[in-house]
Amino acid sequence: DVSESGDEIVISAELPGMSQEDVKVTVANNVLTIQGEKKQESEHEEGNSYRAERTYGSFSRSFTLPSGVDANKVAATCKDGVLSVRVPKAEEAKARQIEVKVKS
């Protein structure tokens, strides 16, 4: 999900079961890239039966950042399986209110 407020752009990605070490966020040439790899193994042995499952998968998503953002201040956090990447807008790109004066 990508959302925008007056101060920043926020990219959210659901990454269930992935640890912080499995995810990589980079910014290069005004492109933000989120990469990850999931490795999961489970084994179950009961009586004469044995079952092993292995699932592996990798992903990569890239976003071209708009002009007017401060790519040097990108911050990423992960909580409860949701990665949030915050891209702050540069001061000159933020909307500002201009007072209208009335002449009498």
*D for the chain, whole µm²/s, Stokes-Einstein with Kirkwood Rh over alpha-carbon pairs at 20 °C and 1.002 mPa s: what number?*
128 µm²/s
*What ranking do 25-32, 57-64 get when scored by the average of other Cβ atoms within 10 Å per residue, highest first?*
25-32, 57-64
_Given axes a ≥ b ≥ c from the Cα gyration tensor, I'd like to know whether the range 3-60 is rounded (a/c under 1.5), prolate (a/b larger than b/c) or oblate._
prolate
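Might you tell me the accessible area per residue for the chain, computed with a 1.4 Å probe and given in Å²?
Numbers: 8370 Å² over 104 residues.
Per-residue value: 80 Å².
Report the charge-dipole magnitude of the range 18-104 in Debye, nearest 20, computed about the Cα centre from +1 at each Lys and Arg Cβ and -1 at each Asp and Glu Cβ.
That gives a dipole near 860 debye.
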*Quick one: with all protein chains in place, what share of the accessible area of the range 4-43 is carbon or sulfur, to the nearest percent (1.4 Å probe)?*
40 percent
*Taking Cα pairs under 8 Å and at least six residues apart, what relative contact order does the chain come out at, in percent?*
30 percent
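The values are calculated or read from the model by the stated rules, or taken from the named source; none is laboratory data. Since the structure is predicted, the reported quantities are computational estimates derived from the model, not experimental observations. We place every Cβ from the backbone using ideal geometry, glycine too, and count neighbours over all the protein chains shown. All accessible areas refer to the heavy atoms of the entire protein, side chains included, with ligands and DNA or RNA removed. Shrake-Rupley method; radii C 1.70, N 1.55, O 1.52, S 1.80 Å.
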